[in-house]
1. List every residue pair whose Cβ atoms sit under 6 Å apart, with the two residues 6 or more apart in sequence or on different chains, where the first one lies in segment 237-257 and is among the charged types (D, E, K, R) and the second, anywhere, is outside any loop (DSSP other than H, G, I, E, B).
2. Within segment 87-99, how many residues are in a loop (DSSP other than H, G, I, E, B) and within 13 Å of the ligand (Cβ to nearest atom)?
3. Give the number of residues within segment 163-191 that are among the acidic types (Asp, Glu) and either closer than 13 Å to residue 229 by Cβ or open to solvent by less than 10 Å² (accessible area, probe 1.4 Å) (or both).
4. Looking only at segment 219-236, count how many residues are touching a residue at least 60 places away in the same chain (Cβ under 8 Å) and either farther than 26 Å from residue 115 by Cα or over 21 Å from the mean Cα position of the chain (by Cα) (or both).
5. What are the pairs with Cβ atoms under 6 angstrom where one residue, in segment 43-71, is on the phi > 0 side of the Ramachandran plot and the other, located anywhere, is open to solvent by 30 Å² or more (accessible area, probe 1.4 Å) and in a loop (DSSP other than H, G, I, E, B)? Sequence gap at least six, or different chains.
6. Quick one: count up the residues across segment 116-143 that are polar (S, T, N, Q) and either open to solvent by less than 40 Å² (accessible area, probe 1.4 Å) or assigned to a helix (DSSP H, G or I) (or both).
7. Only one of these is within 13 Å of the ligand (Cβ to nearest atom) and open to solvent by 40 Å² or more (accessible area, probe 1.4 Å): 208, 204. Name it.
8. Can residue 253 be described as away from the ligand (no atom under 11 Å from the Cβ), open to solvent by 100 Å² or more (accessible area, probe 1.4 Å) and of a type in the set (Val, Ile, Thr)?
Amino acid sequence: MKQHQVEIDTSKCIGCGMCTRVCPAHSIEIKDKKAVTLLDDCLMCGQCTAVCPMRAVSISGYDTGQIEKKEDLRLKPEEVLDVIRFRRSIRQFKQKEIPKEVISQILEAGRLTHTAKNMQDVSFVVLNKEKGRIEQMAVSLFRKIKPFADLFSPMARKNKIDEHFFFFNAPTVIVILARDKTNGILAAQNMEFVAEANGLGVLFSGFFTMAANTSPKIRKAIGIPKGKRAAMTLVLGYPEVKFLRSVQREKLIVKYM
Ligand SMILES: Cc1cc2nc3c(=O)[nH]c(=O)nc-3n(C[C@H](O)[C@H](O)[C@H](O)COP(=O)(O)O)c2cc1C
């Protein structure tokens with residue numbers, strides 16, 4: 001038996017067909033003025049449950065319910081663009097803890113992020129107490145491979161791998177695990193937005209992500225399950241620097257056809 005099932009309360013269904021219109025897998029039909037499910041290709045995406053005007057469609061097996069949308073939520077486009085324009089990677093952090101509620105909100109942003117085929121394959125490891133120990137493992141690994149990297153990369157030659165090379169003394173680090181890397185990266189971006197809205201600064205650590213995927217010791221220490229990988233690592237804390245203006249970027253490359 002499937003973990004989740006789409007259920008239709010035929011006493012509430014008015015046969016309006018909204019569920020069939022939004023279903024991406026064509027898994028709901030209207031028969032005799034009532035919705036019926038054809039579950040074969042159902043993604044369990046829940047769009048049918050969110051669009052039904054009668055609350056006649058639901059998905060079983062979840063321990064959380066649905067939240068009614070009160071009004072059309074729309075952010076000001078120019079403000080959203082400014083958030084993107086002025087966000088910077090932060091590598092200087094205040095020695096100030098992040099409240100648990102804020103971490104929960106950031107994780108919630110990750111949990112709610114859409115996934116390909118509704119895989120819901122993204123999970124999280126929050127490093128607080130273990131941060132130093134885990135960072136040390138990555139430092140040891142990078143120090144071992146540095147001589148080889150130095151041969152090929154001028155940037156590697158310039159980089160000194162000190163004790164805080166990966167996490168920059170930040171109070172919290174979240175490693176995002178996923179089966180599909182893209183799903184994890186999307187979660188990472190949404191989490192960054194929520195972190196920034198809470199006054200936090202964020203660094204995407206590609207280096208630590210690489211170390212975590214390369215080293216069986218780190219994989220084991222942070223508990224990356226078989227079939228999953230570290231998709232991204234967020235280094236989080238209150239910024240100790242304030243950027244005063246935007247930075248310059250290459251001009252837009254776009255082709256309209
Ligand atoms: C996928 C990804 C991985 C990154 N990995 C690292 C990293 O390991 N260490 C680091 O210092 N910066 C890392 N960065 C930050 C980039 O170097 C930074 O985004 C870029 O220099 C532009 O600066 P800005 O983010 O302030 O606009 C990473 C950024 C991205 C998007």
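The values are calculated or read from the model by the stated rules, or taken from the named source; none is laboratory data. Since we're looking at a predicted model, the values are computed, not measured. Because the Cβ atoms are built from the backbone with ideal geometry, glycine has one as well, and the counts that use them run over all protein chains shown. Ligands, DNA and RNA are excluded from the accessible area calculation, which covers all protein heavy atoms including side chains. Shrake-Rupley method; radii C 1.70, N 1.55, O 1.52, S 1.80 Å.
1. Within 6 Å, the pairs are 240/93.
2. Result for segment 87-99: 5.
3. Of all residues in segment 163-191, those among the acidic types (Asp, Glu) come to 163, 180.
Add one more test, that the residue is either closer than 13 Å to residue 229 by Cβ or open to solvent by less than 10 Å² (accessible area, probe 1.4 Å) (or both), and what stays is 180.
Number satisfying all stated conditions: 1.
4. Final tally of qualifying residues: 1.
5. 61/3
6. The qualifying residues number 4.
7. Details: 208 fails: open to solvent by 40 Å² or more (accessible area, probe 1.4 Å).
Only one candidate qualifies: 204.
8. yes
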